[in-house]
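Since the structure comes first, as structure tokens, the remarks are kept for the end.
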Amino acid sequence: MTKENSDSNQKSIKSLAKGLLMLAGLGLAVYLARIVGLGDMLANTQWFNDHVLGRGPLSVLIFLGVGAIFTAVGLPRQLIGFLGGFAFGVATGTLLATVGAGLGCAMAAVYARMGGRELVERKLGSRLEKVNGFLQHEPFNTALAIRLFPLGSNLITNLAAGVSSIPLVSFVLGSTLGYIPQNFIFALFGAGMNRESALGVALSVGMSIVLFVVSGWMGIRVYRRYRIQAKNLVETED
């Protein structure tokens with residue numbers, strides 16, 4: 001095994017462990033909330049809507065705005081998926097979390113391209129070159145591969161796309177589609193947290209963990225394939 005492959009495997013394991021740790025942390029937070037007597041609140045999503053999001057179209061707009069800002073500044077978008085599932089259910093939560101993440105991705109990339117190019121290049125330096133080199137070839141497919149199993153910083157990837165010459169529409173669309181699997185997993189996890197029965201919670205948690213591992217494995221394979229293709233294209237051009 002080459003040093004490059006070894007480093008890639010280590011990054012993949014770290015990313016997978018980070019996601020599982022986040023699932024465990026969210027589950028622990030809900031468990032502790034139930035212990036201190038907040039179980040009824042967790043089972044009643046109407047309370048969350050009334051006191052946090054509001055009602056009707058306003059709740060959707062607030063959620064999309066928060067999701068976009070979270071993604072734009074590099075905060076964990078998986079938390080938005082979790083809250084989306086908790087507040088809106090699996091299907092709607094996944095959809096809203098994905099749209100919010102896509103908007104945040106676009107915000108960061110457009111900022112870097114339109115007004116923050118010099119600042120981004122000065123702050124991130126050589127890290128931008130690595131990401132840019134990978135994204136230049138088939139930006140839609142490579143962005144999709146990166147998002148299926150996020151390796152590295154989501155924010156750096158968005159900023160690198162912004163300062164590069166790649167079409168932002170392709171990058172944002174590929175990223176948005178790539179966000180769907182993990183958003184679904186965390187929305188499923190979030191939706192399960194407000195179930196009254198312990199069995200329902202356990203099933204949701206178990207399914208979320210299994211799906212996360214499976215999607216992570218698939219994402220790694222897709223990511224490695226496109227990375228090899230991009231590397232071969234660069235060598236051919238040279």
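Bear in mind that the values in this text are calculations on the coordinates, not laboratory data. Here the structure is a predicted model, which is why all the values come from computation and not from measurement. When we count neighbours, we look across all protein chains shown, and the Cβ atoms used for this are built from the backbone with ideal geometry, even at glycine.
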Ordering of 115-123, 95-103 by packing [mean C-beta count within 10 Å, highest first] = 95-103, 115-123
key: Net lengthening on full extension, Leu58/Leu119 (0.36 nm per residue, minus Cα-Cα)   = 18.5 nm
ask   = So what J values fall out for the range 130-140 if you push phi through Karplus, 6.51 cos²θ - 1.76 cosθ + 1.60 with θ = phi - 60°, rounded to Hz, Gly and Pro as x?
value = 5, 5, 4, x, 7, 7, 4, 9, 6, x, 5
ask   = At Met207 and Leu20, where each label point lies 7 Å from the Cα along Cα→Cβ, what is the point-to-point distance in nanometres?
value = 2.1
query = For the residues Thr142, Thr176, what sequence is obtained by ranking on other C-beta atoms within 10 Å, fewest first?
reply = Thr176, Thr142
query = How large is ³J(HN,Hα) for each residue in the range 62-77, as worked out from phi by the Karplus curve 6.51 cos²θ - 1.76 cosθ + 1.60 (θ = phi - 60°), to whole Hz, x for Gly and Pro?
reply = 4, 5, 4, x, 5, x, 5, 5, 3, 5, 4, 9, x, 7, x, 6
ask   = Expressed in nm to one decimal, what extension gain is obtained for the pair Val214 and Asn132 from 0.36 nm per residue of sequence separation less their Cα-Cα distance?
value = 26.8 nm
